[in-house]
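Everything below concerns the one structure shown next.
The values are calculated or read from the model by the stated rules, or taken from the named source; none is laboratory data. Computed from a predicted structure; not experimentally measured. A quick note on method: Cβ atoms are made from the backbone with ideal geometry, for glycine too, and the neighbour counts reach across all protein chains shown. Quick note on the areas: whole protein, heavy atoms, side chains included, nothing else; ligands and nucleic acids left out. Shrake-Rupley method; radii C 1.70, N 1.55, O 1.52, S 1.80 Å.
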Amino acid sequence: MTARPANSSSLLLVFLFLALPMAGCMRLSSRQADQPDRDRVYSGLIGKWRGTLEVQATGADAVDPDEVPTEVLVRPAPDRDGLSLQFRYRDVFGRGVTNERHLHFNKTLTLAEWEIDEHRRREAYVVVSQSGGGTAPLRLVLEADGTADAKPARIRETIEVTPGAVEVTQEARKAGEPFTFRHRYRLRRAE
């Protein structure tokens, strides 16, 4: 039996059969890449996280930060754009503490706002650095004017997000001094 040469319509069908699923995958990947950075940040943070809150120890002999077991539940904010973050940990006296904060980024991921208490007091931050994203770990550095030890200071929040971990570090710099550590959340996805 001799093989017949394939006709052009058979080749076209084989090509379409193989190429269309690949084109669909490429279109899906480009859709994810086209998703605004802010939405990727939000979706990367939503979920339940467990880990530690490291707080700069106080007192004359304090050297190493204190570590406190911590849980954070991140949800889309129910009443406005952004995220609702509910923190649970024990304070230095062993009392259970729960507080909720709201985090909002503008669409271009150049400005951020933390709502920091039940009175809806807000701190506005500028995103001074952004790196990574997509499949690489995302790192955002936010800065704002604020206070440290009741003195004017520059506050820096560094947020690092990977698929299974989040780290948020806060530092402060008083006039004429370098940035110093204040606290750090080191969290792993719990769900």
Segments classed as strands (runs of 3 or more DSSP E), wholly inside segment 75-191, with at least 1 members that are open to solvent by less than 80 Å² (accessible area, probe 1.4 Å) and aromatic (Phe, Trp, Tyr): 83-90, 96-105, 111-115, 122-133, 180-189
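Among Arg101, Arg139, Arg156, Arg121, which is the only one that is out of contact with any helix residue (DSSP H, G or I) (no Cβ under 8 Å at 6 or more places or on another chain) and without any contact (Cβ under 8 Å) to a residue 12 or more places away in the chain?
When all the criteria are applied, what remains is Arg121.
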Residue match in segment 5-27 (condition: of a type in the set (A, V, I, L, M, F, W, C), modelled with pLDDT under 50, open to solvent by less than 60 Å² (accessible area, probe 1.4 Å) and outside any loop (DSSP other than H, G, I, E, B)): yes
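Per-residue answers, yes or no, for (1) charged (D, E, K, R); (2) under 19 Å from the mean Cα position of the chain (by Cα); (3) modelled with pLDDT of 90 or more; (4) closer than 15 Å to Gln170 by Cβ:
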position: Ala62; (1), (2), (3), (4): no, no, no, no
position: Thr70; (1), (2), (3), (4): no, yes, yes, yes
position: Arg88; (1), (2), (3), (4): yes, yes, yes, no
position: Thr108; (1), (2), (3), (4): no, yes, no, no
Residues of segment 35-48 satisfying the condition of being touching a residue at least 40 places away in the same chain (Cβ under 8 Å) and either in contact with a Pro (Cβ under 8 Å, 6 or more places away or on another chain) or closer than 19 Å to Leu142 by Cβ (or both): Pro36, Asp37, Arg38, Arg40, Val41, Tyr42, Gly44, Leu45
Contacts under 8 angstrom Cβ, first residue in segment 170-182 being touching a residue at least 24 places away in the same chain (Cβ under 8 Å), partner open to solvent by 50 Å² or more (accessible area, probe 1.4 Å) and among the aliphatic types (A, V, I, L, M), 6 or more apart: Arg182/Val55
